[in-house]
Amino acid sequence: MKMIDKNGNTDAAHMKGILGGPIMLAAALFVFLIAAQVSGLNGWTDEIGLLALPAVAALGAALGRISSEHPSASELNSAIAPSAFVLISILTSFFAPAAICMTFLLATLSTHLLVSRGRPVEANFLVGGLIGIQFAMIFALTSEVPDDSQTNATRAYLGARFSAMMSVMMMGSLYVALILSKTIDRASEKGLLSELPFDVTSKATHIAGGATMSSLMIPLIWLSLIDDPQVYEDGAFLGPFWGLFSAAIVLIVAMFRSERWNVLAAILSLNWIIYTFGRLNDLGVSGFPNALTEDGSYPMILWLLITFWSNVGVIILASRGHLGAMAPLREPSPLRKWWQRHSYVILVGMALVAGFIVRVVWNVIPAMNASVIGEWDMSGGSDPWYMKRIIDYVAYERAHLVFDPDRNYPMGGLNPRPPLFSWSLALGGIFLSWIADMPLAEAVWWSVEAQPAIWGALIVLPVAAMAKRFHSPLAGVAAAWLIAFMPGHITHSTFGLADHDSFAMFFLTLGFYWWVRSMMGIKQERLFSRTSWNPLYILAGIRVMWRKHRPTMIHSTLAGISFATAGLAWKGYVYAPGILFLGYSGIVFLNLFRVETPCQLPQQCFRCCLLQS
């Protein structure tokens, strides 16, 4: 809520929030310059125009704060500022690059909407993340690699540099946004970050933050020192995955310390440090005793003894009070309470990201460089290649391929594929070509290869939501991680498998989720005092259901739309409504013995089936 004094001036802390975007830009530029200096990267100075993107994002964030918090803005209609931002972006697209226009629109619109809803921390974090991603792209695109480097090694090397820089930027954006919320800006009024117990005056807070950032900076600095992609290909470094796991370990240890679980914190830290030293030894880093680096079983026994006696030593030190108080807190700490309230959102979000990474990282390089021909490749047999033919036709002709003269040649034949999936990939390529200013053919390839992995990762959300509704949040978290790493689903939703499987499965699962929501709202009560065979009773029942049980009908409507969307992408979608029909028939059959009349169920089913047709 805006705090305006009697003179009509907004609270000073609110207006200082305008500095959030520029501060994020300065912090990101500082990290980028450090990495560029370490790696000897000078190519970015020749591409100074690339810095326009993060600068525009910072400017857009400042304008978004002004439009949402300035006293004069409170007198305007809430739709005027967003409409103005959209109009400005459209007009500037006629003479400015599309990437700059979209960056400006995303920064201004998201900042305005989030701050207007009392979430300035999220607004600063989003803008900081946007700026960080752009600096990560600059860091990767301006890297200098030898001309004789292998294509796969070079692409993997550039991808690792992008990932390492992006992870540092994202975590740094969160850290800076939290600091700003306790200093020159205000905290969010609601949401996950508003309840995070972040004490800017606490030394422990900044120790944990510094350790987290250091864990992510180590792979970035190490990669900056590598100038040969083949060295990266050989794996002689601590990569971005090590940094992410190290950051997670630091955060877990911080929560253990807040609960006074000092023994667990020490054991976890110790074993991760031992693992890291073991990994460095495997990489051939000098400085280790010869007894630990020789071949044979003797070094393995030494590492085992070091691990065992180190853990014993930690337990002995803890028992004597050298690691702090042994007794845990009687009540959960504020950090643990925050975790208990928001663990479902965090863990499901992590499952979503992990599912996407698994589907992309190990497939993107082979998909971009097929053996022998050295061009784009796809997996999954012949179906993706025919899908690519349809998508190319849509992208270039702006029309659907109805009759294919090469099908059943020389007679020709109708295109058997429903249109929605192919159109979504084609439109994605057209949009990417416009915003990234790349050739349409290359943009279509990126859209075709990447979208199946995106839909495959998104299935985590409806699966987790269904399990949560049926059982508990813990079941939702378990279901999310199971579907994220399910081999059968991963093999049909990887980067490069350009078929409708992941798209159809997502919308079918989403339809089942909305169906579950609608079924949970059904009550065993009559809609009318008497029944009749008159078909108009069905329409009357739908009207009564919309009036008395609107949430149930909305959920069944969304279920029908989801199933219809799947039907526009895959002809085999009918098995999903068939499952619902069997379930409906079973309920009706059981109710015959229970002497009950589920009057609301037919209206719900009719509505869902009507939308599918």
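GLY380 versus (1) over 30 Å from ALA464 (Cα atoms); (2) in a loop (DSSP other than H, G, I, E, B): which is the lone unmet condition?
So GLY380 meets the others, but not (1).
Show me the helices (runs of 4 or more DSSP H) entirely contained within the stretch 266-364 in which 2 or more residues are loosely packed, with under 11 Cβ neighbours inside 10 Å and more than 29 Å from the chain's Cα centre (by Cα).
290-293, 298-319
Filter the stretch 394-412 down to residues that are over 34 Å from the mean Cα position of the chain (by Cα) and closer than 19 Å to TRP570 by Cβ and give me whichever is surrounded by the most Cβ atoms within 10 Å (Cβ to Cβ).
ASP404
Here is a yes/no grid of residues against (1) among the charged types (D, E, K, R); (2) over 30 Å from SER167 (Cα atoms); (3) modelled with pLDDT of 90 or more:
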| site | (1), (2), (3) |
| --- | --- |
| GLY243 | no, no, yes |
| SER258 | no, no, no |
| ASN262 | no, no, no |
| ASN271 | no, no, yes |
| ILE274 | no, no, yes |
| ASP282 | yes, no, no |
| VAL285 | no, no, no |
| ALA318 | no, yes, no |
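Just for helices (runs of 4 or more DSSP H) wholly inside the stretch 438-505: which have at least 1 residues that are farther than 17 Å from VAL516 by Cα?
Here the list reads 440-458, 473-484, 487-490.
Just to be sure I understand the filter: pairs with C-beta atoms under 7 Å, separated by 6 or more residues or on different chains, first member in the stretch 198-225 and under 24 Å from LYS337 (Cβ atoms) and assigned to a loop (DSSP other than H, G, I, E, B), second member at pLDDT 90 or above and aliphatic (A, V, I, L, M). Which pairs pass?
The qualifying pairs are PHE198/LEU178; VAL200/ILE179.
Among the residues of the stretch 448-489 satisfying the criterion of being without any contact (Cβ under 8 Å) to a residue 24 or more places away in the chain and not aliphatic (A, V, I, L, M), which is farthest from GLY511 (Cα to Cα)?
Going through the qualifying residues, I end up with PRO487.
Could you check how many residues of the stretch 175-197 are within 30 Å of ALA36 (Cβ to Cβ), not β-branched (Val, Ile, Thr) and not in a loop (DSSP other than H, G, I, E, B)?
Here the count works out to 5.
Look through the stretch 66-123, keep the residues that are under 24 Å from the mean Cα position of the chain (by Cα) and part of a loop (DSSP other than H, G, I, E, B), and return whichever of them is modelled with the highest pLDDT.
It comes out as ARG119.
The values are calculated or read from the model by the stated rules, or taken from the named source; none is laboratory data. Remember, predicted model here, so these are calculated numbers, not experimental data. Here the Cβ is made from the backbone with ideal geometry for all residues, glycine too, and neighbour counts use every protein chain on show.
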